[in-house]
Amino acid sequence: MGAGSRFVAAMIGRKIDIPREMIDRYPDLATPTYRRGGLPVRIAGMVLGANTAAAITLWKTVFVAPTTRLDAELLLHELRHVHQFLEHRAFPVSYLWQSIRYGYKRNAYEVDARRYSASRLDTVDKDL
């Protein structure tokens, strides 16, 4: 991998595929583009007071941290953020406002994404 490729990977991560069995079970997980690593997960981590966030969604792209395990709960959560981006033009600004005002856990978009993931998995979200 050349210096240019390493720089691009450091900035936007590298494209990854979701395991086929996960797509078979949840076909709509095939909708987003997935990238491993990149600046978005590092910046999100800094905002949350960590080295990296497990994942962050920007429009139709889900960025997953280098060490984050790909599981249905996380990917369904991030898929809900894809929906939120597509449903609300002001989503990025509104999301930031919710985070500032209520914090990450009580951000209405995060609560919605946790509920969405839990309902798709048919589990109970203990953090609601």
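The values are calculated or read from the model by the stated rules, or taken from the named source; none is laboratory data. Predicted model only: the values in this text are computed from it and were never measured. All Cβ positions, glycine included, derive from the backbone under ideal geometry; neighbour counts span all protein chains shown.
Laid out as a table, the results:
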| read-out | value |
| --- | --- |
| Filter result (surrounded by 13 or more Cβ atoms within 10 Å (Cβ to Cβ) and among the β-branched types (Val, Ile, Thr)) within the range 50-95 | Thr52, Ile56, Thr57, Thr61, Val62, Val64, Thr68, Val82 |
| Pair list, Cβ under 6 Å, 6 or more apart: the range 77-95 residue of a type in the set (A, V, I, L, M), other residue not in a helix (DSSP H, G or I) | Val82/Pro32; Val82/Thr57; Val82/Lys60 |
| Where a residue in the range 11-22 is under 13 Å from Val41 (Cβ atoms) and its partner, wherever it lies, is part of a helix (DSSP H, G or I), with Cβ under 7 Å and at least six apart | Met11/Leu39 |
| The range 96-113 residues that are surrounded by 13 or more Cβ atoms within 10 Å (Cβ to Cβ), paired with ones that are of a type outside the set (S, T, N, Q) and outside any helix (DSSP H, G or I) (beta carbon under 7 Å, 6 or more apart) | Glu110/Tyr104; Val111/Leu128 |
| Candidate set from the range 28-62 (those that are under 12 Å from Ile16 (Cβ atoms) and aliphatic (A, V, I, L, M)); member that is modelled with the lowest pLDDT | Ala55 |
| Residue within the range 52-73 that is among the polar types (S, T, N, Q) and in a helix (DSSP H, G or I) present | no |
| Within the range 14-37, tally of residues that are closer than 22 Å to Thr67 by Cβ, in a helix (DSSP H, G or I) and acidic (Asp, Glu) | 1 |
| Residue within the range 20-29 that is buried (at least 19 other Cβ atoms within 10 Å of the Cβ) and among the hydroxyl-bearing types (Ser, Thr, Tyr) present | no |
